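Colleague: If you scroll down you'll find the structure; I have some questions about it.
The values are calculated or read from the model by the stated rules, or taken from the named source; none is laboratory data. These numbers come from a predicted model, not from an experiment. Neighbour counts run over all protein chains shown; Cβ positions are idealised from the backbone, glycine included.
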Amino acid sequence: MTAPALDQDRVREAIASRDRRFDGEFVFAVRTTGVYCRPSCPAKRPKPRNIVVYASNAEARDAGYRPCRRCRPEDPVRPDEALAGRARRLIDEAEEDAPTLARLAAGIGISAGHLQRVFKRVFGVTPREYAAAARLQRLKAGLHDGADVASALYEAGYGSSSRVYEKADRLLGMTPGAYRRGGAGLRVRYAISDSPLGKLLVAATDRGVCFVAMADSDAEAEAALRRELPNAELRRAGPEIEGFIAAFLAYLEGEAREPRVPLDLRGTGFQLLVWKALRSLPYGATTSYKSLAAGIGRPEAVRAVARACATNPVPLAVPCHRVLASDGGLAGYRWQPGRKRALLALERAAVRRDERSLGGRGLTDA
């Protein structure tokens, strides 16, 4: 039995997260079932004590294990996925600034242009965009965990704090220090209105709507806002955001296909990618978490896509209610499954009315 020459913490993490980047690098066998799998195998994970790691299929077979029928580890890994996975791992393992595209390509032995195209096709973003999002996520995690700003910047791989402060408003929506303090110093106005689905809270910064909640009471809606931005300066407003409230009510009452409001979205690169895909879903249509993951070029990230949907701060404007389980079930919804069911019914009814008004020809025939 020969374990691969990889950091064992990374191996364990790759297995637990079903990380497709490591397919072809090693396989893991399960003592209780007698099978061996790719790291990305969709099967339920066994207890760690029942996992044995091997550097190759041959070693796993020699040890008496048979290939898994679900992930088919004997099938070759697609060359483009292997190349993109190697590049992504080099970015993740960079201790300081992420390697340039030229350095990545040279390290893998392909042209920079080819790597750019392959990486974008597999992961949905360029290497530079991925590196920037990964570094920002490390910064956010460090600040959220209470690290001082200088340490968080250093640990995340930012070589110059001045560059971060110059771009802080775009990256974090506030300075790193304010982000660390849970939004301290951020001014947020909000209003609450009755709606067909209960109390509707809409909160906004000077840049646009940053949070929407649906609840059974004013107190419940306000509590959700305070959990989202625990240290921001929250002020209940009136006329200045009546237009935002009206746009959401028009949608909920079936008078508009979407609430047309400016948004102030803050999230990781991956979350923003998912939320952008959600906004492209047609009114009245639905998709699955699996299809959504495939659509953004991350078919292995179904659970991460589901988490991004669950943490969507502006439902209705970013229509996460249009995503269903693979079996067509409602799955979860941050603002209660009953509201998700009602939103889908609202949209289906509006689409049927449009179809009838077109003489049964359907919207696509118009």
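Colleague: Which residues, taken from the stretch 23-45, are surrounded by fewer than 24 Cβ atoms within 10 Å (Cβ to Cβ) and aliphatic (A, V, I, L, M)?
Modeller: The answer is VAL30, VAL35, ALA43.
Colleague: Restrict the check to the stretch 334-352 and report whether at least one residue is at pLDDT below 90, in a helix (DSSP H, G or I) and basic (Lys, Arg).
Modeller: Yes, the conditions are met somewhere in the stretch 334-352.
Colleague: Still on this structure, I have one more. Report those strands (runs of 3 or more DSSP E) wholly inside the stretch 197-304 carrying at least 2 residues which are more than 30 Å from GLY85 (Cβ to Cβ), in contact with a Cys (Cβ under 9 Å, 6 or more places away or on another chain) and touching a residue at least 24 places away in the same chain (Cβ under 8 Å).
Modeller: Result: 198-205.
Colleague: TYR251 passes all but one of (1) at pLDDT below 90; (2) closer than 24 Å to ARG207 by Cα; which number fails?
Modeller: Failing condition for TYR251: (1).
Colleague: What residue, among those in the stretch 51-77 that are assigned to a loop (DSSP other than H, G, I, E, B) and touching a helix residue (DSSP H, G or I) at 6+ places or on another chain (Cβ under 7 Å), is farthest from PRO39 (Cα to Cα)?
Modeller: GLU74
Colleague: Does SER326 count as over 15 Å from the mean Cα position of the chain (by Cα), under 26 Å from GLU81 (Cβ atoms) and outside the structural domain of ILE15 (by TED's automatic domain parsing)?
Modeller: yes
Colleague: Turning to a different aspect of this structure: Within the stretch 107-128, count every residue that is outside any helix (DSSP H, G or I) and more than 24 Å from ALA301 (Cα to Cα).
Modeller: So the answer is 3.
Colleague: Please state which of the following conditions LEU104 fails to meet, knowing it meets all the rest: (1) touching a helix residue (DSSP H, G or I) at 6+ places or on another chain (Cβ under 6 Å); (2) part of a helix (DSSP H, G or I); (3) closer than 20 Å to GLY297 by Cα.
Modeller: All conditions are met except number (3).
Colleague: For the stretch 13-50, enumerate the residues that are more than 18 Å from ARG88 (Cβ to Cβ), part of a helix (DSSP H, G or I) and in contact with a helix residue (DSSP H, G or I) (Cβ under 8 Å, 6 or more places away or on another chain).
Modeller: Of everything in the stretch 13-50, just one residue is more than 18 Å from ARG88 (Cβ to Cβ), part of a helix (DSSP H, G or I) and in contact with a helix residue (DSSP H, G or I) (Cβ under 8 Å, 6 or more places away or on another chain), namely PRO48.
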